Amino acid sequence: MARVKIKEILGLSPQNQEITVKGWVRTFRNNQFIALNDGSTNNNLQVVVDFNNTPETILKRITTGAAIAATGTLIPSQGKGQTVELVAKTVEVIGDSDAEKYPLQPKKHSLEFLREIAHLRFRTNTFGAVFRIRHSLAYAIHKFFNDKGFLYLHTPIITASDAEGAGETFHVTNFDLNNIPRNEQGEINYKEDFFGKSTNLTVSGQLEGELGAMAFGDIYTFGPTFRAENSNTARHLAEFWMIEPEMAFYDLNDNMDLAEELLHYVIRYALEHNKEDIEFLTQRLLDEEKQKPQNERSEMNLMEKLNFCINNKFERVTYTEAISILRESNHNKKKKFQYLVNEWGVDLQSEHERYLVEKHFNKPVILTDYPKNIKAFYMRQNDDGKTVRAMDILFPGIGEIVGGSQREERLELLEQRMKEMNIPAEELSWYLDTRRFGSCPHAGFGLGFERLVLFVTGMTNIRDVIPFPRTPKNCEF
Ligand code: ATP
Ligand code: MN
């Protein structure tokens with residue numbers, strides 16, 4: 001008989017219909033009640049075993065973690081917390097699980113412990129919810145762009161350019177590291193390497209994305225990016241996924257409008273399609289907060305926070321305005337910032353971003369027009385000679401979730417900026433061609449996918465929203 005997924009079964013009206021389910025045992029109580037989960041939903045199906053007519057040898061093998069198949073009839077449930085249950089006629093153990101050795105005991109484990117057994121953590125309620133939401137958000141992103149007529153462009157993973165010039169790249173080579181070819185000067189001879197030049201994993205698909213936008217109009221990328229950032233924070237990964245739309249004929253305002261619409265859309269999509277999982281995570285956070293003193297608890301729970309976010313416009317503020325808000329703040333005057341804000345021109349630290357978003361405006365903020373000296377070469381210069389048309393979107397609890405800009409479309413200004421920043425024009429000649437042949441105003445941004453998943457799930461460590469996190473000194477699984 002065909003297997004039916006538990007998500008579907010839980011929505012059926014019980015009429016003694018015969019059904020087969022397959023899944024993994026969460027718990028088995030009183031030799032009678034199996035809580036069965038198959039990953040299709042956070043909710044378990046209660047399977048009632050007729051223990052008088054089931055051999056003892058089978059009953060013994062129904063243990064936490066075991067894979068089983070059960071066939072029986074669906075009836076209304078007497079138990080609380082469920083509407084239906086399956087009265088099993090047959091139970092087959094497909095894969096045994098030694099209860100003594102199974103690392104996931106039916107109790108609450110810490111997130112840190114579960115990170116060490118990331119190969120099994122999908123089987124917990126929390127991670128089940130997180131990764132179903134992650135899936136939905138990915139789908140919603142593709143749907144959003146597809147419905148708007150954007151083209152999904154696959155930009156390269158291996159590249160010879162470092163988009164930001166930040167240098168936080170991973171090298172790609174097939175040299176024998178014990179015998180690296182060198183030239184007469186003793187330098188590494190990349191001419192003999194696989195690609196005949198020095199190459200690295202991409203830190204961003206933006207530059208190639210711009211090439212696509214100059215032909216298709218609107219494109220987006222959605223792929224993995226790699227940064228050898230040696231910062232062990234709860235918001236940085238060495239391998240993360242980024243969404244990078246790039247649009248011809250867009251200015252910075254169009255860019256901000258699109259980013260805001262996208263974020264509203266995908267959060268709303270998750271609220272509609274992952275209601276139960278978000279409810280579960282909301283309750284989980286509430287339970288966690290019960291251990292905190294009243295004044296440290298959040299004003300809004302997760303569900304309220306998400307609804308608040310989609311029902312309110314983001315605050316748009318220039319860097320210059322932000323600096324004066326920070327400088328005048330009591331926080332700054334009482335020296336509560338680790339880095340005090342005095343001068344215009346400094347890069348904002350995450351404590352400043354969080355102050356603006358969580359204390360001052362109390363909602364997502366888009367900061368624009370940053371000093372050119374703290375931003376990348378390709379951002380469009382303003383007439384003041386000091387700032388560029390950059391935008392960062394800052395989210396409560398997350399900090400920067402989006403970084404973008406209107407791009408410099410004027411060849412001369414772009415070349416001049418590259419010279420100032422020591423970026424070799426010859427290597428980026430292909431990029432500059434877009435400015436030579438049919439250049440036009442255009443803009444784009446990068447949305448960090450894991451930061452988005454963090455926000456929607458209310459998780460606090462980015463290692464808990466990607467299946468197998470890669471961070472300094474850690475590359476398991
Ligand atoms: P941050 O200041 O937080 O390091 P950034 O300025 O380096 O961010 P961008 O280069 O603008 O970020 O990248 C675009 C987006 O990618 C960021 O807004 C963020 O959402 C995400 N992002 C950047 N670095 C990481 C990382 N190491 N891990 C996960 N997401 C990241
Ligand atoms: Mn960074």
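The values are calculated or read from the model by the stated rules, or taken from the named source; none is laboratory data. Note that this is a predicted model, so its numbers are computed, not measured. Positions of Cβ are backbone-derived with ideal geometry, glycine not excepted, and every protein chain shown enters the neighbour counts. Side chains are part of the model used for accessible areas, which takes the heavy atoms of the whole protein and leaves out ligands, DNA and RNA. Shrake-Rupley method; radii C 1.70, N 1.55, O 1.52, S 1.80 Å.
Numerical summary
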read-out	value
Those GluC sites (Glu not before Pro) in the range 271-362 that DSSP places in a loop and that have at most 10 other beta carbons within 10 Å	Glu299, Glu343
10 °C / 1.306 mPa s Stokes-Einstein diffusion coefficient of the range 192-236, Kirkwood radius on C-alpha pairs, µm²/s	120 µm²/s
Karplus-derived 3J(HN,Hα), 6.51/-1.76/1.60, for each residue of the range 106-116, Hz, glycine and proline x	x, 8, 7, 9, 6, 4, 5, 4, 5, 5, 6
When the convex hull of its Cα atoms is projected in every direction, mean area for the range 105-236 (nm²)	12.5 nm²
Sites matching trypsin sites (Lys or Arg not before Pro) across the range 243-337 that sit in DSSP coil, with at most 11 neighbouring C-beta atoms within 10 Å	Lys290, Lys313, Lys334, Lys335
Whole-angstrom Cα spans of the range 250-302 along principal axes, big to small	48, 27, 10
Length released on extending from Asn53 to Asn461, taking residue separation times 0.36 nm less the Cα-Cα span	142.1 nm
Percent carbon-and-sulfur accessible area, the chain, ignoring ligands, DNA and RNA, probe 1.4 Å	49 percent
Cβ-defined net charge surrounding Phe308, 11 Å radius [Lys, Arg +1; Asp, Glu -1]	0
Cα→Cβ-extended label distance, 7 Å offset, between Met300 and Ala425, nm	4.8 nm
Gyration tensor (alpha-carbon) shape descriptor, the range 286-333, a/c threshold 1.5	oblate
13 Å cut-off, amide nitrogen to a point 7 angstrom out along Met1 Cα→Cβ, residues in the range 21-58	21-22, 48
Extension reserve of the Tyr102-Leu286 stretch, reckoned as 0.36 nm per residue once the Cα distance is removed	63.4 nm
At least 18 Å along the helix axis (C-alpha) and Kyte average at least 0.0, DSSP helices within the chain	125-147
Filter on Lys148/Lys386; Lys5/Lys363; Lys7/Lys107; Lys80/Lys143; Lys5/Lys60 - keep pairs with C-alpha separation over 30 Å	Lys148/Lys386; Lys5/Lys363; Lys80/Lys143
Linear extension gain, Glu92 paired with His135, 0.36 nm per residue minus alpha-carbon span	12.4 nm
Size of the range 337-477 as Cα extents on the principal axes (Å, biggest first)	46, 43, 27
Spatial separation of Cα centroids for the range 95-172 and the range 341-359, in angstrom	30 Å
For the chain: span of alpha carbons on each principal axis (Å, largest first)	85, 59, 43
Prolate/oblate/rounded label for the range 93-176 (Cα gyration tensor, a/c 1.5)	oblate
